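Heads up, the thing below is written out as structure tokens.
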Amino acid sequence: MIWLALSVLAILSWGFLLTLHGGFWRADQRLRPAPDPADWPEVAVIIPARDEAETIFQVIASHQKSDYPGALSIFLIDDHSSDETAVLAREGAALGERPVHIVSPPELEEGWTGKLWAVHHGLRAARETAPDAAYVLMTDADIAHAPDALRRLVARAERDDLALTSLMATLDTRGFWGALLIPAFVFFFQKLYPFPWANDPNRYLAAAAGGCMLVRRDALRDEGGVAAIRGELIDDCALAALLKGEPPKRRIWLGHSTGEVVSLRDNRSLDSVWNMVARTAYTQLNHSLVFLAGSLIGLFVVYLAGPLAVILWPLHGYGLAAAAGFIAWALMARAYRPTSSLYRRIWPEAFGLPLAAALYMAMTASSAWRWMRGRGGEWKGRVRGGTDGASAEPQAAE
């Protein structure tokens, strides 16, 4: 009986994931309090932005409200925005006394992704204007920081001698699609990159969340800066791997935000989440159709086989298969519950993970289709090494 076999395979898969996969499902990595350092090092904040008028005022204002005791300067890299990003950034800067520098990078150079090109020029400006900064905080133009966020990040980095200290921002879960898909997105990311393994200096696995990455400047300089990963679309995890190096070289840490950093990205529409995932999902599979097929089959077995065996019981009439399917479904809900709880979702919603998984399967297939059509990896209307999203071919510039 095929449904029984698939359900048993799903049970075994969840048994492995719950016991032997780094405890990823516990979602228990948090930014715990750390003692204040004797001297607070200088920090430069790097914010790449392209057409971010909707959020940039609030983001800059949040950095101006920081209670960080040390020197702090902010660098907004306005990457050829067509809206009032720079104007609104200056208005936000007026709310505090921290220096805010607006940087205009040259046209995108061949071989670079748009975001990393902007970050590269932000780092260059910071090197000239804030040469004594021991850390750079790489963050996004839609990420708001609580007043104590930077202070807590630096205290943790100083105590544990971390080359990279990263927080996965609290994401927007408003609306039906946000509630269904966003906690699942976080769960899948944790499964792909178990945080405890990423935080273990004796393991090769490395990961970070691009919305909030506090980087030790000397470590980044030693590895050649972001130029070393200039073409990477999944740039946060690429940076984490670069900085961690061969174990046990450097320590990095990744945890969940509990309000320290919050994403202002609106996830209420299906298109918003779809585009976020489709941008890089196929890249994660190394642009391989074989990996794509294997991933889709694996997702079906792990997330859909058990629930379908239960739902289709009236059709196949095999009670043992339905019972096995329910066990697999219950194990799945148990694994998902801590992440779902992180986003204040009620317990029954954990049983909705199969529906989210089915949609993420479709997003992954869509990502592959986009790459085949030359539309993969867009950032703010721009593909790697191109401009204005008009062509996937590299355009020569600086």
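Grab the Cα-Cα distance for F326 and E109, subtract it from 0.36 nm times how many residues apart they are, and report the gain in nm with one decimal.
72.8 nm
If you line up the Cα atoms of segment 1-113 on their principal axes, what length do they span on each, largest first, in Å?
Projected onto its principal axes, the Cα set of segment 1-113 covers 67, 43, 27 Å.
Ignoring everything but the protein chains, give the 1.4 Å probe accessible area of V310 in square angstrom, nearest 10.
That residue has around 40 Å² of solvent-accessible surface.
Based on Cα positions only, what radius of gyration and what Dmax would you give for segment 56-208, in angstroms?
Rg then Dmax for segment 56-208, in Å: 17.2, 47.
Between 0 and 90 degrees, rounded to the nearest ten: what's the tilt of helix 2-20 against the longest Cα principal axis of the chain?
Here the helix axis deviates by roughly 40 degrees.
Quick one: if the Förster radius is 30 Å, what FRET efficiency do D148 and D28 give, using the C-beta to C-beta distance and rounding to 0.05?
The calculated FRET efficiency here is 0.90.
What ³J(HN,Hα) values, in whole Hz, does the Karplus curve 6.51 cos²θ - 1.76 cosθ + 1.60 give for segment 202-208 when θ = phi - 60°, with x put for Gly and Pro?
8, 10, 6, 4, 9, 7, 7
For the chain, with every protein chain kept in place, what is the accessible area per residue (1.4 Å probe, Å²)?
I get 42 Å² per residue for the chain.
Would you please give the residues with an amide H less than 5 Å from that of I77, counting only those at least 5 places away or on a separate chain, with H modeled from the backbone geometry?
Under 5 Å from the amide H of I77: I47, A49, V103.
Principal axis lengths of segment 183-230 from Cα atoms, whole Å, largest first?
The Cα atoms of segment 183-230 stretch 35, 25, 18 Å along their principal axes.
Normalising by the residue count of the chain, find the relative contact order in percent from Cα pairs under 8 Å and 6+ residues apart.
24
If you take the Cα Rg of the chain and divide it by 2.2 N^0.38 Å, with N the number of residues, what do you get?
1.02
Using only Cα atoms, tell me the angle between helix 289-299 and the longest principal axis of the chain; keep it within 0 to 90° and round to the nearest 10.
Computed tilt is about 60 degrees.
Can you grab the distance from the C-alpha centre of segment 312-376 to the C-alpha centre of segment 1-45, Å, no decimals?
Segment 312-376 and segment 1-45 have Cα centres spaced 18 Å from each other.
Would you mind telling me the share, in percent, of accessible area of segment 283-371 contributed by carbon and sulfur at probe 1.4 angstrom?
About 74 percent, which is the carbon plus sulfur part of the accessible surface.
Which percent of the accessible heavy-atom area of segment 120-266 goes to carbon and sulfur, probe 1.4 angstrom?
49
Quick one: the Cα spread of segment 59-117 along its three principal axes, in angstroms, biggest first?
Sorted largest first, the three principal extents are 40, 25, 14 Å.
The values are calculated or read from the model by the stated rules, or taken from the named source; none is laboratory data. Note that the structure is predicted; figures quoted are calculated from it, not measured. So basically every Cβ, Gly included, is an ideal-geometry build from the backbone, and we count neighbours across all protein chains shown. Heavy atoms of the whole protein, side chains included, go into the accessibility calculation; ligands, DNA and RNA do not. Shrake-Rupley method; radii C 1.70, N 1.55, O 1.52, S 1.80 Å.
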